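To start, the structure under review is shown below, and the notes come after it.
Read-outs throughout are calculated quantities, based only on the coordinates presented, and are distinct from any laboratory measurement. Remember, predicted model here, so these are calculated numbers, not experimental data. No Cβ is skipped: glycine too gets one built from the backbone with ideal geometry, and neighbour counts run over all protein chains shown.
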Amino acid sequence: MVRFVSKTMFEMILIIIGIILVSTTISLFQMKDFSLLTFGNNFVTITTDIISPQNLVYINPISDVERNLFPIILNAYFSSAQIFFLALIISLFISLSMIVLYFSASHRLKKSIERIGFIISSLPDIFLIVITQIFVVWFFKQTGILVFDFVATMDNHIVLVPAIILSVLPTFFFFSLMISILREEEGMAYVELAKSKGLKKYRILFIHMMRNILISLTTHGKHITWFMLSNLLVLEYLFNVFGVTSFLFSYNTSSIFTVTCILLFVPLFLILKTLQFTFSQKIGSELNL
Amino acid sequence: MSKKTKSILLISICSSLILLLLIGSLVFTFSFNGEIPKTNILYDKDDPDQIIGSMPFPPSLQIPFGTDRDGNHMFYRILEGAQITLGVALLISVLSFLFAFVFGILAGFSKSKSKYITQTLFTSFYFIPQSIIAYNMLHPLLWEPYEGFTTTLTERILLQIIILAGILAPTTAILISSETKQILQKDFITSTIILGGGKFYIFYKHLLPHLKLRLFIIFPKIVIQSLLIIAHLSYFGLYFGGTDICYDDLLCDPPKPFIEEWASMIGMYYADLHIYWWIFLGPMLFLTLTILLLSGVSKGMEGLLDIKPIKHVKSSKVLNSSKKEQKASNLTKKDFGLVHRS
């Protein structure tokens, strides 16, 4: 336990240093000055800024008002976190129910479900966002019912709609991943044993296979966070949500960029590591997330 | 149809469609000089003096993808843009693939502590969206300053390609290095080392044949990623090759791209989405189609990788054939020989 925690801390510090290095490199591009001296200087400036983040100021790009970064970024941060985790929960829930449907479908239906799932999961995020917007406008023109506001304004926070759109791609990603894991599991000896004991099909699926599927799913955790974060960025930009990603654009300083990235990274990393720890305690083998 | 032929069919259909798009675009540019047909006003068939519509036209049977505000046919604009978008995406992915391949293989072979540290440092790329790194790095290069650009168009294009390739490389390198590490842990590699095989020998004779197909799966995914990054950048207002901004106060056009290609069309016409939806949706559909085709190629490659070398024969067939063999060969006493102990 102690060894695991210390190793995690070490990894976390290394990744934070990696983030600082990335934003230092970006700052070189912004100053158009590519000398090692500037690199060192910027690195030191950003690191000192991060150690005392309460002094950072944020300039609103539209109104040019200067504010302290810290209370304001947390508001944005929580609205983004809401969207992100809501999307994650929705996609897990839907993909799990889809896998149950898939499990009970006939062989031919399975093939076509797989194909549709593959096509949807490889659609680009921007296409999905735009298609939803077009659909809502078309629906509004036809019936006069506005299903949802798809552009956020000052006093109107939208969470559910971006979360639903954000959840589409992970849902199908989870789904196709689960299908391939399910196939592998179906051939395992324990499933055959359970079948020969006369256990019911769904009992085997829910009680015995599901936990193995969920554990295998977490090994892709890093990849999932990666593409969900990049989808979140575009989504918040196009929906005009005041989220944490608006602090990442270059009209802010590189210190703000770094702080935002660290804020995004730390909770996700801790969640991944906790999952890794609990699962490795349970199944006895080391998972590398 | 066996799984192998299915996979090969999928790969060949998808890749030939992409090639067709590329070749069609080149042919259009070089043999027709890239002249885009224009329709400004449509007249009624029966009464030539009666005007029934003016630009921009929505999609119809005569003009399949509609026209833009100046009456240019969208289909030909999209066709002309295909070569640049696809060509650039391919170039970026080849470059980044080369970076990632060299560093990934080197990292996979090395066993030192420093490798763990560099790999963890590069893991930070998983937690920062790549498009935002690209945006922040390219903004000073591509956004026209008040005094105008100091760089030429070719310089900007080359720099953008190199920077995007550099941004895409780290995650791919991590992927390749972990694949390499997995193969190097197999038993036959250990026996090669015991028999005295050098590192280059292992790489060339043992690693590459195993890694080859996996690399073919990874490559289309990098192309998709680079297409997406270019598209994201133009949503954020950075068009490929630079954004032309006019700083005069009077009579200014909105920021526009220097080069006609899909991503910049998508980014530029997003504002028109709810008025002239077809101008936006045409290039978007083609981009989506290309991405689907590329993931089809990657899927086909995965299918090829999955095929097991051992053929499963149905058990009834095995039984029948063994019975036949027994019948065919009636054993005689000659078939058995005494074993003499020396």
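Between B:Thr192 and A:Lys282, how many nm apart are label points set 7 Å from Cα along the C-beta direction?
Going by the 7 Å Cα→Cβ label model, 3.8 nm.
In a GNM of chain B with a 10 Å cut-off on Cα contacts, which of B:Arg214, B:Arg69, B:Arg156 has the highest mean-square fluctuation?
B:Arg69
In peptide B:135-143, what is the residue-averaged number of other protein chain Cβ atoms found within 10 Å of each Cβ?
Per-residue shielding by partner chains comes out at 5.
Report the gain in length on full extension from B:Leu9 to B:Leu213: 0.36 nm times residue separation, minus Cα-Cα distance, nm rounded to one decimal.
71.8 nm
Skipping prolines and chain starts, which residues have an amide H placed within reach, meaning under 5 Å, of the one on B:Gly53, given they are 5 or more residues away or on another chain?
Under 5 Å from the amide H of B:Gly53: B:Leu42.
Please list, by residue number, every one of the trypsin sites (Lys or Arg not before Pro) in region A:175-283 that is coil in DSSP and has at most 13 other beta-carbon atoms within 10 Å.
Filter output for region A:175-283: A:Lys197, A:Lys200.
Within chain B, which complete DSSP H helices have Cα atoms spanning at least 24 Å along the helix axis and a mean Kyte-Doolittle hydropathy of 0.5 or higher?
B:3-31, B:74-109, B:153-184, B:208-235, B:277-306
Given a Förster radius of 41 Å and the C-beta distance between A:Asn75 and A:Glu114 as r, what FRET efficiency does 1/(1 + (r/R0)^6) yield to the nearest 0.05?
The calculated FRET efficiency here is 0.45.
Could you pull out which residues in region A:243-275 have an amide N less than 20 Å from a spot 7 Å beyond the Cα of A:Lys32, following the Cα-Cβ vector?
Output list for this probe position: A:250-254.
Given q = 0.10, 0.15, 0.17, 0.20 Å⁻¹, what are the Debye log10 I(q)/I(0) values for region A:1-127, with equal point scatterers placed on the Cα positions and solvent ignored?
Here log10 of I(q) over I(0) equals -0.67, -1.02, -1.10, -1.22.
What shape does the protein assembly as shown take by its C-alpha gyration tensor, where a ≥ b ≥ c are the square roots of the eigenvalues and a/c under 1.5 counts as rounded, a/b above b/c as prolate, and the rest as oblate?
Verdict is prolate for the protein assembly as shown.
Can you classify chain A as rounded, prolate or oblate using the Cα gyration tensor, where a ≥ b ≥ c are the square roots of its eigenvalues, rounded means a/c under 1.5, and otherwise it's prolate if a/b beats b/c and oblate if not?
Taking the square roots of the gyration eigenvalues as a ≥ b ≥ c, chain A is oblate.
Other chains near A:21-27: what is the mean number of their Cβ atoms within 10 Å of each residue's Cβ?
Mean partner-chain Cβ count within 10 Å for A:21-27: 5.
Net charge near B:Tyr276: determine it from the other residues with C-beta under 14 Å of the C-beta of B:Tyr276, scoring Lys and Arg +1 and Asp and Glu -1.
-1
If we count GluC sites (Glu not before Pro) as exposed when they sit in a DSSP loop and have at most 13 other beta carbons within 10 Å, what is the longest stretch of chain B that avoids them all?
Longest stretch, sites excluded: B:148-342.
Work out the mean other chain Cβ neighbour count within 10 Å for the residues of A:222-230 and drop it here as an integer.
Partner-chain Cβ atoms within 10 Å, mean over residues of A:222-230: 4.
Distance cut-off 28 Å, Cα to Cα: go down the list B:Lys38/B:Lys256; B:Lys115/B:Lys212; A:Lys200/A:Lys222; A:Lys201/A:Lys282 and report the pairs above it.
A:Lys200/A:Lys222
Name the residue from B:Ile217, B:Ser112, B:Ile266 whose Cα lies farthest towards the positive end of the charge dipole of chain B, charges +1 on Cβ of Lys and Arg and -1 on Cβ of Asp and Glu.
Projecting each Cα onto the dipole axis, the largest value belongs to B:Ser112.
Beta carbons within 10 angstrom, averaged per residue: use that to sort the peptides B:92-105, B:183-196, A:66-79, B:227-240, highest first.
Highest to lowest by the protection proxy: B:227-240, B:92-105, A:66-79, B:183-196.
R0 = 30 Å: FRET efficiency of B:Ile23 with B:Lys256, Cβ-based, nearest 0.05?
0.60
Can you give the charge dipole size of region B:82-283 about its Cα centre, rounded to the nearest 20 debye, using +1 on the beta carbon of Lys and Arg and -1 on the beta carbon of Asp and Glu?
Taking the Cα centre of region B:82-283 as origin, the dipole is about 1780 debye.
How long is the gain from A:Asn68 to A:Arg3 if the chain were fully straight, where each residue apart is worth 0.36 nm and the alpha carbon distance is subtracted?
The A:Asn68-A:Arg3 span can extend by a further 19.6 nm.
Given A:Lys7/B:Lys199; A:Lys111/B:Lys3; B:Lys111/B:Lys181; B:Lys113/B:Lys205, which pairs have Cα atoms separated by over 20 Å?
Distance filter (> 20 Å) returns A:Lys7/B:Lys199; B:Lys113/B:Lys205.
What does the C-alpha gyration tensor say about the overall shape of chain B? Classify as rounded when a/c is under 1.5, otherwise prolate if a/b is larger than b/c, or oblate.
Oblate, because a/c is 1.5 or more while a/b does not exceed b/c.
Looking at B:Ile84, A:Leu272, B:Leu26, which one has the Cα that reaches farthest to the positive end of the dipole of the protein assembly as shown (charges on Cβ: Lys, Arg +1; Asp, Glu -1)?
Checking the options against the dipole of the protein assembly as shown, the answer is A:Leu272.
Residues in region A:253-281 near a label at A:Ser52, defined as backbone nitrogen under 20 Å from the 7 Å Cα→Cβ point?
A:253-260, by backbone N distance to the label point.
Could you go through region A:123-129 in sequence order and give the Karplus-derived ³J(HN,Hα) for each residue, using 6.51 cos²θ - 1.76 cosθ + 1.60 with θ = phi - 60°, rounded to whole Hz, and x for Gly and Pro?
Listing the rounded values in order: 5, x, 4, 4, 4, 4, 4 Hz.
Suppose we keep just the DSSP beta bridges with both residues in the protein assembly as shown; what percent of those would be antiparallel, to 5?
In the protein assembly as shown, DSSP labels about 90 percent of beta bridges as antiparallel.
Just grab the label-to-label distance for A:Ile131 and A:Ala105, each label 7 Å out from Cα along the Cβ direction, in nm (one decimal).
1.6
Could you work out how far apart the two model spin labels at B:Ser114 and A:Ala189 are, taking each label as a point 7 Å from the Cα in the direction of the beta carbon, and quote it in nm?
Placing both labels 7 Å along Cα→Cβ, they lie 4.5 nm apart.
Calculate the FRET efficiency for B:Gln185 and B:Ser54 from the Cβ-Cβ distance with a Förster distance of 56 Å, rounded to the nearest 0.05.
With R0 = 56 Å, the Cβ-Cβ based efficiency is 0.25.
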